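Some notes on the structure that comes next.
The values are calculated or read from the model by the stated rules, or taken from the named source; none is laboratory data. Note that the structure is predicted; figures quoted are calculated from it, not measured. Don't worry about glycine lacking a Cβ; one is built from the backbone with ideal geometry, like all the others, and counts go over all protein chains shown.
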Amino acid sequence: MTTPELTHNLPELSVGQLSSALQRTVETAFPRVRVRGEISGFKRAPSGHLYLNLKDPDAVLGAVCWKGVAARLTLRPEDGMEVIATGKLTTFAGQSKYQLVIDQMELAGRGALLALIEDRKRRLAAEGLFEASRKRPLPMLPRVIGVITSPTGAVIRDILHRLNDRFPRPVLVWPVLVQGEAAAAQIVAAIEGFNRLVEGGRIPRPDVLIVARGGGSIEDLMAFNDEAVVRAAASSAIPLISAVGHETDTTLIDFASDRRAPTPTAAAEMAVPVRADLRQAVAERGQRLDQAAERILQDRNLRLDALGRGLTDPRRAVAEARQRLEDRAQQLHRVMRQRLALARGQVETLAARLPHPQAQIALARSRFLAEARALEQSFTRHLTSDRQRFTAISARLRIDPWRQELTRQGQGLIQLAARLPTAYDQQRRSRADRIAGLGRLLESYSYKGTLARGFLVLRDEAGALLSGVATLAPGTLVTLEAQDGSRKAEVLEEGGGPRPARPRAKTPLPKQESLF
């Protein structure tokens, strides 16, 4: 127990003096430390400073990262992220607490980062951002292509080179950072900025977007795993192609985009078709149209011939009916004569047998007359019936209706044959106009227009296109192609510039400006 005498010997300190002494003691004992813990209570102040807590199961440590250091961090802090923070330990007299002033921050390990990405992926997938029904088809031939990437490096050059090889299209490049803490915000702003463009405005609205970046570590690609970037890609009204990293790299934007390309070059191949293949397809369809029109004409001619062969000659039909009627009349006369002869023989036989020939003869005569009258009436009825049938058949077999029907069918076929060449010519003119329009469109994007503005095309001795001069050895012959022709040139060792081989120019060639 402290006695009053000892207590009076202690020096008297103010609160500020005690706080300053504690601060010097803490900063001297812990001038630089590395602390591992989980971020909680993260807050970004309007001034740009970061305030957070580092915790583990045993304790909580307050931390602060000033604005200048926060702008240089390679990761974007957020709650639940396990990190290793490096800095100095100090005190904060205003709240009587100690805290860590951070000057470096890194993830605690690859496993923690992958767990964070996987947790974010499950959460966004549960919201339906990765559903296949949300994905839109890419346009066959976009008028304008928007590219979101770094303006320097090989990615933008690979995309432009591939587009020029397949089908040149106007390209709008929105330059952004592709790694670091500020990269995610810039990528989100680029996607939303392209979507805010309107049709017919001063800046054309792209028909498809490409978000591209080269390969890198998982830490380098973290901007494309950012939740804000994923949501912006999923809500884009313009179809979006993600081309981040190499073929084996996968980021969360790949799941939210409409199409995922393994490389930036593959993204350019997805965006446009091959111009030569499109020309061949148009030519093949024109050829099929010609063949189809020719087949239609052949089918109509065959049908007309078949209809002509199927019609019966009316004169022949009437003649055959008249012949059948005459045959039946002759048969009827023969039967009548046979019956009369048979009756006459029977009468004579009966008359010879009767004892009173006169009475029997009279009776036989009366019977014979009665049978003759009945036979005559029957013949008359048959003859009348056959005459009526012949008259009806003759009425149906008149040649005028057949001639009228044949004339009507012939006129219809003549009209159809007259319309076919007109329709065929219209189709051919429509296809020809469309092919001519495509040709003019192709010509408008030809590199010849670029040469007219003063640019040159550099080729080697074999005529292959050269994209740079770093690999050209001194003395190498090259070809310079301009708008009005081409000239041979030789590479000089000093200065690295080309010179004409024959004749030697008196003035040096102008230096070509960069296409980028």
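The table that follows gives values for the structure above.
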quantity: Segments classed as strands (runs of 3 or more DSSP E), wholly inside the stretch 81-178, with at least 2 members that are of a type in the set (A, V, I, L, M, F, W, C) and under 27 Å from Glu27 (Cβ atoms); calculated: 82-92, 97-107
quantity: Filter result for the condition that a residue is modelled with pLDDT under 75, surrounded by 12 or more Cβ atoms within 10 Å (Cβ to Cβ) and in a helix (DSSP H, G or I), over Leu325, Leu332, Leu420, Leu363; calculated: Leu363
quantity: Residues being in a helix (DSSP H, G or I), more than 17 Å from the chain's Cα centre (by Cα) and among the small types (Gly, Ala, Ser) - total across the stretch 236-288; calculated: 4
quantity: Entirely in the stretch 462-512, the strands (runs of 3 or more DSSP E) that have 2 or more residues that are modelled with pLDDT of 55 or more and not acidic (Asp, Glu); calculated: 477-482, 485-491
quantity: Count of residues meeting criterion [touching a residue at least 60 places away in the same chain (Cβ under 8 Å), assigned to a loop (DSSP other than H, G, I, E, B) and closer than 24 Å to Pro262 by Cα] in the stretch 189-218; calculated: 4
quantity: Test: residue in the stretch 15-35 that is under 25 Å from Leu177 (Cβ atoms), in the same structural domain as Gln99 (by TED's automatic domain parsing) and assigned to a strand (DSSP E or B); calculated: no
quantity: Flag if Ser150 is of a type in the set (Ser, Thr, Tyr), closer than 21 Å to Ser236 by Cα and exposed (fewer than 15 other Cβ atoms within 10 Å of the Cβ); calculated: no
quantity: Count of residues meeting criterion [surrounded by 14 or more Cβ atoms within 10 Å (Cβ to Cβ) and either part of a helix (DSSP H, G or I) or assigned by TED's automatic domain parsing to the domain that holds Phe167 (or both)] in the stretch 431-445; calculated: 4
